[in-house]
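Read through the structure below, which is laid out as structure tokens, and then see the notes.
Please treat every number below as a calculation from the coordinates, not as lab data. Everything numeric here is computed off the predicted structure, so don't read it as measured data. Neighbour counts are summed over all protein chains in view; Cβ atoms, including those assigned to glycine, are modelled from backbone coordinates with ideal geometry.
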Amino acid sequence: MKTTRRGRPFVKDTHDLFATLSVSLGLQSHRVLFRVFPNSFTTNEAVANLSSLKFSQSNRSADPNDPTRIITTTTTTTFSMPRDMAKGICQLFMDARLIENAADLVSPAFKDRGIYMITPKGLHVLERFITKNGITAQHMMRVFAQQPICMKLLHLERTSADDEIIITKSVVEILWRRFVGRDPNVSSLSEDILVAQKSYRWYQQADTASTDEVDRSIGIVLRRVKSRSSPSDDNEFEYRFPAWSVIEWMCEFSTCVGPDEAAELAAHFVRYGLIALVMDKGRVKEGNIIAEVISGGAGGGAGAAMEKGEFRATGKAIYKITREGIKAAQWPEVQSDVTAGASATNLTPHREDSSSTLGRPPFHSSRSTEDPQDSASVAESDGSLLPTPIIPKIWTPDGHESVDRDLQAKDSHAARLKHILDEPALRSLFREFLRSNFCEENLSFWLDVQDFKRRLNTTSSAVATAVSGKASKTAGHLAMEKHKQDLITMVTVIYNTYLAPSSPCELNIDHNLRAELATYTNQNTSHTEATSNGQIEPGFPKTFHANQLQETVQLYERIQTYIFRLMATDSVPKFCKTERVSEICINPVITMPKQGVVCHLDAFRFRP
């Protein structure tokens with residue numbers, strides 16, 4: 001594995017290795033004294049699996065010389081390491097908040113005799129890995145059903161050379177807004193109660209948690225105190241937070257791999273003038289972090305208020321959000337409290353001035369080595385807090401708005417629908433809208449076909465035991481046959497659910513497609529396989545061959561394309577006008593290198 005200048009593996013390799021290990025573990029209940037920890041594993045179990053870990057991935061594609069044949073390429077990756085190295089890898093998982101010591105939550109070290117559990121962040125990483133690689137992990141379904149999962153993990157884009165986090169003005173802007181939340185996450189609870197809430201786990205007694213629980217995922221917990229700079233003004237307040245809470249939040253709700261990276265990101269907040277140190281009465285102790293960043297260079301960013309930024313992650317350090325930070329946060333209820341005398345922010349103006357923002361090009365970093373994709377370096381996960389915008393506004397490279405409105409209007413509905421389908425939060429709203437209009441089956445069919453195509457192309461497995469070559473071949477062959485039968489079963493279920501005559505969720509498709517589907521079905525089924533109502537019996541999959549499966553996929557894809565166009569032209573315009581969608585408003589910036597233009601993605605404003 002490639003390592004960084006800090007000596008740790010690249011983040012992607014760390015996440016992949018963690019997910020592979022998690023799939024290979026049994027995750028059973030373990031007892032310590034009078035406490036039982038479900039879905040946990042021991043140090044010895046983790047080390048033993050890492051010493052002999054195997055990950056196999058199979059990709060299927062049509063033979064270019066013979067379309068009737070399917071070529072299967074299987075790639076097997078084997079990890080083998082001594083005990084000390086395995087413990088070091090597990091310590092990296094601890095630092096990245098992928099696992100935690102179940103019996104001692106405050107312990108940051110991976111111990112010899114410990115019991116560990118996967119954290120909500122770790123479950124998020126594991127779920128993405130399983131979905132991406134098509135792993136059939138039935139034993140993990142119980143874990144996902146019982147444990148909470150982090151739905152709002154912020155993915156930080158990194159350089160391909162050294163895996164350092166890319167820092168630009170737009171990245172800091174997006175990260176800051178995610179860090180402080182859409183509204184101030186103010187709490188009046190005592191520190192003891194907040195610590196107790198943070199230490200509460202789902203398997204404990206229900207009365208352990210406070211009824212006024214604070215949701216840390218929506219933003220860092222703040223204290224609202226009277227401003228010392230204006231003691232005579234009763235309406236002047238400051239928002240403060242302890243330095244250690246920044247480290248905890250960054251590690252748990254972003255892809256930071258340790259406290260050092262989290263402290264460096266916080267130092268960039270200081271450098272951009274978003275936060276400022278209020279007090280630090282304690283001494284610097286072992287384990288405290290003093291992070292200092294400078295402008296320029298890899299990860300330095302440009303356009304900040306100061307050349308250097310220092311963040312003191314000590315036990316007694318307290319920071320506050322500055323006026324610049326409040327303006328950059330774009331809190332709608334707090335904007336009026338920011339006086340007109342405050343200096344102009346280094347970031348994008350707040351929402352009230354969004355019209356002027358749209359009238360000029362977005363930010364560009366002054367780094368000469370900056371990749372065109374750097375302005376989109378921060379991406380939300382599938383459970384994003386920030387909804388994906390769906391209406392593009394196109395800018396030419398010289399900063400002028402494109403005049404090709406006809407082309408933009410032609411594809412705008414399809415672009416909106418694509419972003420809706422990619423964003424789980426929007427997709428859920430869209431499903432509710434379709435359900436209210438009695439056409440939910442269109443979205444369900446599209447998603448089922450997408451899942452079917454993903455399963456067709458890739459299947460993976462992760463095991464931690466070495467087997468002989470003959471046994472491995474037999475097991476692989478059986479797994480391939482089972483996978484094929486599962487795919488054919490999915491073909492049947494999709495047909496009987498959406499396409500068969502009088503099916504429970506029958507689609508309204510073009511008559512030519514309907515006729516072609518009927519002809520194809522009649523040619524590939526016998527009289528004993530089709531019932532009187534036109535549906536296919538479960539025995540039908542046994543007669544399917546590989547080439548027939550590929551033909552069915554192509555036909556399903558054509559129907560899927562038709563349904564996509566139908567939703568884009570008929571449902572999306574109405575959906576964008578609904579009240580719930582119109583409330584969502586953000587203005588991120590992305591680049592489109594292939595087209596040579598920069599796009600400013602507007603909010604859900606529907607332009608007729």
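Things worth noting here:
- Between Ala161 and Thr74, the FRET efficiency from the beta-carbon distance, with R0 = 41 Å, is close to 0.85.
- Distance (nanometres) between label positions extended 7 Å along Cα→Cβ at Glu440 and Thr42: 4.7
- A simple spin-label model places the labels of Val195 and Val278 1.9 nm from each other, with each point 7 Å out along Cα-to-Cβ.
- Set of segment 547-580 residues, backbone N closer than 13 Å to the point 7 Å along the Cα-Cβ line of Tyr520: 547-562
- Charge tally in the Cβ shell below 13 Å around Glu310, where Lys, Arg are +1 and Asp, Glu are -1, Glu310 excluded: -1
- Taking Val553, Val293 and counting other C-beta atoms within 10 Å, the order from fewest to most: Val553, Val293
- Ordering 31-40, 414-423 by mean Cβ neighbour count within 10 Å, with the highest value first, yields 414-423, 31-40.
- Spin-label model distance (nm) - Arg6 vs Ser428, 7 Å beyond Cα toward Cβ: 3.2
- Extension reserve of the Glu557-Asp183 stretch, reckoned as 0.36 nm per residue once the Cα distance is removed: 130.4 nm
- Cross-link pairs Lys132/Lys484; Lys198/Lys453; Lys121/Lys169; Lys327/Lys574 - those with Cα-Cα distance over 30 Å: Lys198/Lys453; Lys327/Lys574
- Cut-off under 5 Å, modelled amide H: who pairs with Leu154 long-range: Ser254, Thr255
- If you wrap the tightest convex hull around every Cα atom of segment 26-154 and split its volume per residue, you get 141 Å³.
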